[in-house]
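Everything on this sheet refers to the single structure shown next.
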Amino acid sequence: MSGTGAGPGDWVEIIVPAAAADVDEVAALLADACEPAREGTEIRGDEVVIWAPLASREAVVAEVRAAVAAFAEAGLGVDPSTVRAQPALPEAEWRDAWKKYFHVTRITPRIVVVPSWEQHTPAPGEVVIDLDPGMAFGTGTHASTRLVLAALDRLAADGAAPTRVLDVGAGSGILAIAAAKLWPAATALAIDNDPIAVAACAENVAANRVADRVRCAGTPVEDVAGAWPLVLANIQAHVLRALADALAARVAPGGTLVLSGLLTPQAPAVADEYVARGLRLVALDESPDDAAWSSAILARP
């Protein structure tokens, strides 16, 4: 829905109820199976929400129901008969609808994410990220985001000191902000193809007082110049495959690439595509919070 210039009345929300244990996996599978879901999904409690133009309502509902039927046959807790469409919420109502699910969250022993509407007194040594994601992906609550933040914390603890960080598909900017706070001498470029995400990223960068070192932009990764010591990409598997040439080419010699947004069965095959482009697989990490999700860490020799 975002970035189209259309009003709420021009859109519908397609709602997919799911078992709580399966909701993250259903969201990711929908993004692979249905074109409208590739433009963005949102998890609200035990429901997955995608958006479609009002004129395409019936066709998209039918497409989503067909996908959900296949998910149900595979054993996931979904029922195609419960898929429904409703008028899209205005942004103010949408934000209020999910605020109850997003609270102060400790991601790693050091990294704590604090929503703009909550208060938190930092403990000594904590890396606090103040966040208002708006309509952009990235609150730190999703297993794929947690995997990248944990990888960043480990890299910092192991003595890595990248001077430049590229965050591809930055969403709210949470990963670039974390990198800037873990490495105070580093600069970062956070890019996203969604103008709403770029705006949310810029607001969060300013709120975290790192705007002098983190730039948010809509630049396609193919147009980003140079090679980067640390590249982050928390995107769905089909996008990581499509961007493999461009992402691999932007990892500097001796640099690190962290890929996330991968369902665990997808991770080895996606990592292999990057190994074929000259990178070395360092680790496949399964999420300790949700075994359905994994990340891949690679390095350029």
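From the residues 162, 284, 238, which one has its Cα farthest along the dipole of the stretch 154-301 in the positive direction, the dipole being from +1 and -1 charges on Cβ of Lys/Arg and Asp/Glu about the Cα centre?
162
Tell me, for the chain, which Cys residues have no other cysteine's C-beta sitting closer than 4.7 Å.
Cys with no partner Cβ under 4.7 Å: 34.
Which trypsin sites (Lys or Arg not before Pro) in the stretch 169-275 pass both tests, a DSSP loop state and at most 13 other beta-carbon atoms within 10 Å?
Filter output for the stretch 169-275: 209.
Given the options 216, 201, 34, state which has the largest fluctuation in a GNM of the chain using a 10 Å cut-off (strictly under) for Cα springs.
Judging by the Gaussian network model, the answer is 34.
Take the chain, mark every one of the chymotrypsin sites (Phe, Trp or Tyr not before Pro) that falls in a DSSP loop and has at most 16 other Cβ within 10 Å, then report the longest stretch left between them, sites excluded.
With a cap of 16 other Cβ atoms within 10 Å, the longest stretch comes to 118-301.
Name the residue, out of 169, 226, 218, whose mean-square fluctuation peaks in a Gaussian network model built on the chain with Cα pairs under 10 Å.
Fluctuation is largest for 226.
Taking the Cα centre of the chain as origin, work out the dipole magnitude from +1 charges on Lys and Arg Cβ and -1 charges on Asp and Glu Cβ, in debye rounded to 20.
I would put it at about 1000 debye.
So how tilted is helix 57-73 from the main axis of the chain? Cα-based, degrees 0 to 90, rounded to 10.
For 57-73 against the chain, the angle is about 70 degrees.
Report the residue, chosen from 178, 269, 67, that carries the largest GNM mean-square fluctuation when the chain is represented by alpha-carbon nodes joined by springs under 10 Å.
Of 178, 269, 67, the most mobile in the Gaussian network model is 269.
For the chain, what class follows from the C-alpha gyration tensor (a ≥ b ≥ c being the square roots of its eigenvalues): rounded when a/c is under 1.5, otherwise prolate if a/b is larger than b/c, else oblate?
Judged from the Cα gyration tensor, the chain comes out prolate (a/c at least 1.5, a/b above b/c).
Run the helix sum for the chain: -39,500 (n - 2.57) per DSSP H stretch of 4+ residues, divided by residue count, reported at 222 nm to the nearest 500 deg cm²/dmol.
Result for the chain: -9500 deg cm²/dmol, rounded to the nearest 500.
So if we plug the beta-carbon distance of residue 207 and residue 283 into 1/(1 + (r/R0)^6) with R0 = 45 Å, what FRET efficiency do we get, rounded to 0.05?
Taking R0 as 45 Å, the efficiency between residue 207 and residue 283 is 0.90.
Is the shape of the stretch 213-254 best called rounded, prolate or oblate, per the rule: a/c under 1.5 gives rounded, else a/b larger than b/c gives prolate, else oblate, with a ≥ b ≥ c the square roots of the Cα gyration tensor eigenvalues?
Oblate, since a/c reaches 1.5 and b/c is not below a/b.
Shape verdict for the stretch 8-90, please, from the Cα gyration tensor: rounded (a/c under 1.5), prolate (a/b greater than b/c) or oblate.
prolate
None of the figures in this text is laboratory data; all of them are computed from the coordinates on show. If you're wondering where the values come from, they're calculated on a predicted model, not measured in any experiment. Glycine also receives a Cβ, built like all others from the backbone with ideal geometry; neighbour counts cover every protein chain displayed.
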